[in-house]
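Contents: one structure, followed by commentary.
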Amino acid sequence: LIPNVNEPEKTFFHYYNQAWTSFCTGQYISVLSPQTFGKPDLIANTKFKLKNAGTEEEKRKADTIRRAENWLVNVYVINDPQSPDNNGTVKIMRFGKQLHKIIMDCLQDTDEASVGARAFDLTENGCNFRVKVDRQGDFPSYVTSKFLLPSALPAGADPESILEQVYDLENVFTLKTDAEMQQTLEEHFYCEAAQSA
């Protein structure tokens, strides 16, 4: 994991999004929720209204809108068996509650032998984080992911250069205006654009 050395509090970006499968095109729709920044969410409000006062069909449709909670963090990729081209590069890792709990538990552990700050240490004292995906029924499980014993970065990896390549996580997603969110609802929830075309 790579820290934001200038603004440590921005090392992780915690966000919410609203998502559903379009009733018009079948594509997956995902919208950054203004609740990320403590603001009202038009899509969440629409779902709430339909769940409480809509027809049975509207309530059923409203149930398909899901609010997901995720985090972003910059990472330096040591070994990506699925995409070897990622090795030796800085990427953004998106993760959900399962990985968040594993990471936070290790960061907050104050025991001398724990990972703690070594999760962000780019020297030989740093601990790599291995993401392991298993299947539990129809869903992926990350419970066996863990921090490894301290080890040096691969030969040729320069900590200074790595730190200079980090992404501004707060600008990865664009927050839609209420008008744009309403348009997304009209096109992919109410199918109004499809009907008028």
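General observations
- Residue ID - surrounded by the fewest Cβ atoms within 10 Å (Cβ to Cβ), chosen from residues in the stretch 11-42 that are without any contact (Cβ under 8 Å) to a residue 24 or more places away in the chain and farther than 20 Å from THR177 by Cβ: GLY26
- When the residues of the stretch 65-93 are filtered to those that are among the aliphatic types (A, V, I, L, M) and buried (at least 17 other Cβ atoms within 10 Å of the Cβ), the one that is nearest to the chain's Cα centre (by Cα) is LEU72.
- Only one of the listed residues (LEU72, LEU42) is in contact with a Leu (Cβ under 8 Å, 6 or more places away or on another chain) and closer than 30 Å to PHE129 by Cβ. That residue is LEU72.
- When the helices (runs of 4 or more DSSP H) confined to the stretch 95-197 are screened for residues that are within 19 Å of the chain's Cα centre (by Cα) and either of a type outside the set (Lys, Arg) or at pLDDT below 95 (or both), those reaching at least 3 such residues are found at 97-108.
- Flag if TYR142 is open to solvent by 50 Å² or more (accessible area, probe 1.4 Å) and in contact (Cβ under 8 Å) with a residue 60 or more places away in the chain: no
- Residue in the stretch 43-64 that is closer than 30 Å to CYS127 by Cβ and surrounded by 12 or more Cβ atoms within 10 Å (Cβ to Cβ) present: no
The values are calculated or read from the model by the stated rules, or taken from the named source; none is laboratory data. Predicted model, so just to flag it, every value in this text is computed and none were measured. Quick reminder, even Gly has a Cβ in these numbers, built from the backbone with ideal geometry, and neighbours come from all protein chains shown. Calculation scope for accessible area: heavy atoms of the full protein, side chains included, ligands and nucleic acids excluded. Shrake-Rupley method; radii C 1.70, N 1.55, O 1.52, S 1.80 Å.
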